[in-house]
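Inspection log for the structure reproduced underneath, given as C-alpha cells.
No value in this document is a laboratory result; all are computed from the given coordinates. Values in this document were obtained by computation on a predicted structure and should not be read as measured data. Heads up, the Cβs are rebuilt from the backbone with ideal geometry, glycines too, and the neighbour counts pull from every protein chain shown.
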Ligand code: HXC
C-alpha cells in the first residue's frame with residue numbers, strides 16, 4: 001500500500017531498531033528507509049540480520065546490522081556506539097526486540113518470567129539508557145537545537161488480563177511505565193520525545209502465530225471491530241507519525257494500533 005507520507009519525511013535521520021531484522025521491527029526499518037532514514041538493525045541472529053540488510057539495500061536503503069542481545073549491557077553499549085560511528089549520529093531509537101511464549105502461570109518458572117522481563121522491559125530501558133548520550137539535545141553527533149526520539153513497542157494485553165501471558169503482560173506494563181517516565185524526565189531535561197505503540201494482532205508476525213492460532217480466522221474474526229487483522233504496514237505508518245515532526249507535540253503516549261479490538265474484547 002502506498003504511504004500517505006511524503007517520501008522525504010525522515011530524510012537525513014538515523015534510526016537504530018532493536019529486533020529490526022524481522023517482523024514488525026523489520027517493517028518499521030523498511031518504511032523508515034523508504035522515507036529517507038538510514039537504519040541500523042540490532043538482533044541476535046547473524047543470518048537473519050544479514051538477509052534483512054540485503055533486502056533493505058536492494059531497496060536503495062542505507063542499512064547496517066549489528067549482532068547483539070538487549071539483555072547484555074555491553075552489547076547495548078557496543079551497538080549504539082557502532083551505530084554512531086557508522087552514521088555519525090542517532091536520531092531515533094526503536095525498541096522492538098521482544099520474547100514470548102504461551103505458558104500457564106503455574107507452569108512458568110520464575111526464570112522464564114525473568115527472561116521475558118529481561119528482554120522486553122530491562123532491554124528497553126538498557127537501550128534507552130545507552131543511547132541517551134547520542135539522543136539528548138547537544139549530545140554526541142547532535143546540534144544544540146533538538147533532541148532525538150524513542151519509540152517502544154508494547155501491546156494491549158496488560159490493559160486487562162490474559163491467559164498464559166503473565167510474563168508478557170508484566171513486561172509490557174513495565175515498558176509503558178518506562179515510556180511515560182522517560183518522556184517526563186528526558187522530555188524536560190533533554191528534549192527527547194518518548195512514545196510507544198501497542199499493536200493488536202498483526203498478520204505475518206511471530207507474535208500472532210505463537211499467540212493467536214487458527215481460531216482468529218473464524219470465530220474471533222466475527223468479534224473484531226474491523227473484522228480483520230492489522231498489517232505490519234499499519235504499525236510502521238504509526239511509527240513514522242510518532243518519530244517524525246508530524247508527532248512533534250506527542251510525548252509519553254502509547255498509540256494503540258488494533259482497529260479498536262481491545263475495546264470490545266481484549267485478548268492480545
Ligand atoms: C515455558 C519457557 C518457554 C516455554 C522458555 N521458557 N520457553 N517456559 N514455556 N515455551 C523458559 C525456560 O524454561 C527458561 O526457564 C527460561 O524461559 C529461559 O529460556 P531460554 O530458552 O534459556 O531462553 P532464551 O534461549 O534466551 O530464549 C528466549 C525466549 C525465546 C523468549 C524464551 O522464546 C525467544 O527468544 N523467542 C524469539 C523471540 C520471540 O518470541 N519474538 C516474538 C515476540 S511477540 P528455566 O526456569 O527452565 O531456566 C511479542 C508479542 C507480545 O512480543 C504481545 C502479544 C500480544
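Details
- Folded to 0 to 90 degrees: helix 23-34 orientation relative to the chain principal axis, Cα: 40 degrees
- Legend: Rg and Dmax of the stretch 14-256, from Cα coordinates, 17.3, 54 Å.
- If the chain linking residue 47 and residue 233 were pulled fully straight, counting 0.36 nm for each residue of separation and taking away their Cα-Cα distance, it would gain 64.6 nm.
- Computed from Cα atoms, the angle from the helix 232-243 axis to the main principal axis of the chain rounds to 40 degrees.
- Computed E for residue 160/residue 86 - FRET, C-beta separation, R0 35 angstrom, nearest 0.05: 0.25
- Length-normalised contact order of the chain in % [C-alpha pairs under 8 Å, at least 6 apart]: 18 percent
- Gain on full extension, evaluated as 0.36 nm per residue between residue 133 and residue 249 minus their Cα-Cα distance, stands at 39.6 nm.
- Spin-label pair residue 263-residue 203: with each label point 7 Å from Cα along the Cα-Cβ axis, the two points sit 2.3 nm from one another.
- Once you reduce the stretch 49-71 and the stretch 1-19 to the center of their Cα atoms, the two points are 15 Å from each other.
- Euclidean distance between Cα centres, the stretch 194-210 to the stretch 115-169, Å: 15 Å
- The angle between the Cα long axis of helix 166-190 and the longest principal axis of the Cα atoms of the chain comes to about 30 degrees, rounded to the nearest 10.
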